[in-house]
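The values are calculated or read from the model by the stated rules, or taken from the named source; none is laboratory data. The model shown is predicted, which means the values in this text are computed figures rather than measured ones. FYI the Cβ positions are ideal-geometry reconstructions off the backbone, even for glycines, and counts take in every protein chain you see.
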Amino acid sequence: MMHDELSVVIELIYPILSSQYFMCRYTYKLGHKLFNGSYVWSGMYSFKASPYPGQGSLQRVVIFGDMGKAEFDGSNEYNDFQPGSLNTTYQLVKDLKNIDIVLHIGDLCYANGYLSQWDQFTAQIEPIASTVPYMVGSGNHERDWPGTGSFYGNMDSGGECGVLAETMFYVPAENRAKFWYSTDYGMFRFCIADTEHDWRPGTVQYKFIEHCLSSVDREKQPWLIFLAHRVLGYSSADFYGAEGSTEEPMGRESLQELWQKYKVDIAFYGHVHNYERTCPVYQNTCVRNGSHHYSGPFGATTHVVVGGGGASLADFAPVRAKWSYVRDHDYGFVKLTAFNHSTLLFEYKKSSNGRVHDHFTISRDYRDILACTIDGCQGTTLAS
Ligand SMILES: *[C@@H]1O[C@H](CO)[C@@H](O)[C@H](O)[C@H]1NC(C)=O
Ligand SMILES: *[C@@H]1O[C@H](CO)[C@@H](O)[C@H](O)[C@H]1NC(C)=O
Ligand SMILES: *[C@@H]1O[C@H](CO)[C@@H](O)[C@H](O)[C@H]1NC(C)=O
Ligand SMILES: *[C@@H]1O[C@H](CO)[C@@H](O)[C@H](O)[C@H]1NC(C)=O
Ligand SMILES: [Fe+2]
């Protein structure tokens, strides 16, 4: 046995009866084994067991990208590239008892090869990540490096090539070097893509995305969410605009048929450091007008850029497309609340004060999901 190891003790303390469901709370501590065989122990932490797929309890999900880390006293940072990071962290810690799971969709800490910065980042998010599932996606700052198999050949990972991200965080991926995976949380199915690897039709990732979207039972898990780091859907970022575009090349051209066919409710992206929400949009056209309340049959996917977790803000292009419904040039994050199988609340909150700046609800029944929509009428449903 090695003299230096990490030991985890997980103890089931008590099952508490929460509404009609049993919910287990686990308390645990981490131990470090010393040379002489004794342990030094951390304090006690606790988390509650996740709801089973389909469970109809209250479920609250926080989503953002591009947070990074910073110092309260500015001591260790030479370019202050993530000025919103501490505010975002602070708001999440403050509201932690009302958060069940966090999804940080890429550009986690911007260590870019300076490994001590991962320790700084994990220390900053410790109150969150020790209490609720902290699920991550992979971004350019985790993965990209020339000649290493990343889809983009830039140097944004500083040579990390995804090794740090895949080692520091567990994700239920078949191959953790390829960072795409699906995860269920009660009434939610999350399909998390990896934009730093090829997603186009014919690739392994494309097959995964279709399988993830198609294999969910929407009667039990009505809320179907697609997530990726780079914008595969729609964004008015000036740096896309400079290329005459509103997305990564080959993004929605490759995937919009899947989102539409499988009726993805909301698609989230980071990479662009601001906030933007579209109308329910398909092939550049609003299938429904942008709104604060949607009900009845599915029209099209709502696309949301939520890359204002902390890294320096990105500007919008001067031209505004019709699909661009709400924009905010500020730091913030999204919170989804599923009350039950028929009501979902979406809130975008500012990191500076935690206040809701944009919101909408979706109200509908299972039969609304079965109903036909443009290019979204499956032969196997009853609605023919
Ligand atoms: C092991 O070493 C630690 C740190 O030096 C010390 O505090 C502890 O008492 C030692 N335990 C035993 C069983 O000798
Ligand atoms: C959106 O609203 C406008 C006017 O408010 C209306 O003319 C148009 O038909 C609506 N479009 C859709 C897709 O509902
Ligand atoms: C679902 O939750 C919403 C919001 O709390 C509530 O208005 C609605 O009645 C609930 N629906 C069902 C079927 O329980
Ligand atoms: C962080 O929050 C404080 C308090 O609301 C605010 O004054 C400050 O501008 C925020 N920082 C950034 C970078 O948004
Ligand atoms: Fe990025």
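Residue-wise test of (1) over 18 Å from Cys109 (Cβ atoms); (2) out of contact with any Ser or Thr (no Cβ under 7 Å at 6 or more places or on another chain).
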position	(1), (2)
Gly153	yes, yes
Ala165	no, no
Pro172	yes, no
Cys191	yes, no
Glu196	no, no
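Yes or no, residue by residue, for (1) surrounded by 23 or more Cβ atoms within 10 Å (Cβ to Cβ); (2) touching a residue at least 60 places away in the same chain (Cβ under 8 Å); (3) in contact with a Lys or Arg (Cβ under 9 Å, 6 or more places away or on another chain):
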residue: Arg60; (1), (2), (3): no, yes, yes
residue: Gly74; (1), (2), (3): no, no, no
residue: Ala111; (1), (2), (3): yes, no, yes
residue: Leu115; (1), (2), (3): no, no, no
residue: Ala129; (1), (2), (3): no, no, no
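Exactly one residue out of Ala123, Ala129 is farther than 30 Å from Thr203 by Cα, under 15 Å from the mean Cα position of the chain (by Cα) and at pLDDT 95 or above: that is Ala129. Looking only at residues in region 292-347 that are of a type in the set (A, V, I, L, M) and within 16 Å of ligand 3 (Cβ to nearest atom), the one that is nearest to Asp80 (Cα to Cα) is Leu336.
In region 272-284, the condition of being within 16 Å of ligand 2 (Cβ to nearest atom), in contact with a helix residue (DSSP H, G or I) (Cβ under 6 Å, 6 or more places away or on another chain) and part of a loop (DSSP other than H, G, I, E, B) is met by no residue. For region 196-214, residues that are surrounded by fewer than 20 Cβ atoms within 10 Å (Cβ to Cβ), in contact (Cβ under 8 Å) with a residue 12 or more places away in the chain and part of a loop (DSSP other than H, G, I, E, B) total 3. Here's a check for you: in region 76-109, which residue that is within 16 Å of ligand 5 (Cβ to nearest atom) and either basic (Lys, Arg) or at positive phi (or both) is surrounded by the most Cβ atoms within 10 Å (Cβ to Cβ)? If we take residues in region 76-109 being within 16 Å of ligand 5 (Cβ to nearest atom) and either basic (Lys, Arg) or at positive phi (or both), then Gly106 is surrounded by the most Cβ atoms within 10 Å (Cβ to Cβ). Tallying residues that are closer than 18 Å to Ile101 by Cα and of a type in the set (Ser, Thr, Tyr) within region 156-198 yields 5. Checked against the criteria, Ser235 counts as over 17 Å from Thr183 (Cα atoms), in contact with a strand residue (DSSP E or B) (Cβ under 6 Å, 6 or more places away or on another chain) and among the hydroxyl-bearing types (Ser, Thr, Tyr). Under the condition of being touching a Cys at 6+ places or on another chain (Cβ under 8 Å) and either within 15 Å of ligand 4 (Cβ to nearest atom) or not assigned by TED's automatic domain parsing to the domain that holds Tyr269 (or both), the residues counted in region 322-362 number 0.
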